[in-house]
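Encoded as structure tokens, the structure appears first; notes follow it.
Readers should treat all values here as calculations from the given coordinates under stated rules, not as data from a laboratory. The structure presented is a predicted model; accordingly, all values stated were derived computationally and were not measured. As a convention, Cβ positions derive from the backbone with ideal geometry for all residues, glycine included, and neighbour counts pool all protein chains shown.
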Amino acid sequence: MMTTFDARPRAATGPVPPPWLAAVLLGGRPGGREALYQFHELSAFEPASVAVARRFVERTLREWHAPEISFDAQLVVSELVTNAMRHGGGALHLRLLANAGDLACVVSDYSRTAPVPAAPGVFAEFGRGLALVEGLTRAWGWITPPGPNKFVWACMAMTGP
């Protein structure tokens, strides 16, 4: 028996974002609607910053008239921010970008190390975050622009106006 979670399309992983997102992240081009949350240096490792990021997503998607994807987007952002804090030297920025029916959640961190999905054991307390991101999104990946940081991005369908 297949659950709703299992029925979602599998996401592609790797360093190549959709062309419109690459143009925004690497080329600095404007890309439709955009909202930015900047983590303060002291909050880059604070667990409470994950809740702040979720509230930012909820508020932004309500303003963009897309509350129907808010819950999934909050889960994705929670995982990306948590991974940035645990494995990326801290969260730097969270960007939400909307373009032609897509929502991109992008978290930048202080590391150039690629995220690696884990295969956790049955009793493991950690290691399921990127699998969750993969299950909730059309595609996800990472890019390492010039400099010391990386962007981890995830795209999902957005059905607001």
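Provide the gained length on full extension for the span Leu26 to Leu132, in nm with one decimal, where the gain is 0.36 nm per separating residue minus the Cα-Cα distance.
Gain in length upon complete extension: 35.6 nm.
As an exercise, use a Förster radius of 25 Å and the Cβ-Cβ distance of His40 and Ala114 to find the FRET efficiency, rounded to the nearest 0.05.
Once rounded, the FRET efficiency stands at 0.45.
Going highest first, how would you order 74-82, 22-30 by mean Cβ packing within 10 Å?
74-82, 22-30
Calculate, for Glu68 and His93, the FRET efficiency according to 1/(1 + (r/R0)^6) with r their C-beta to C-beta distance and R0 30 Å; round to the nearest 0.05.
E(calc), rounded to 0.05, equals 0.75.
Mind giving me the nanometre distance, one decimal, between the label points for Thr159 and Arg33, set 7 Å out from Cα along Cα→Cβ?
Rounded to a tenth, the inter-label distance reads 1.6 nm.
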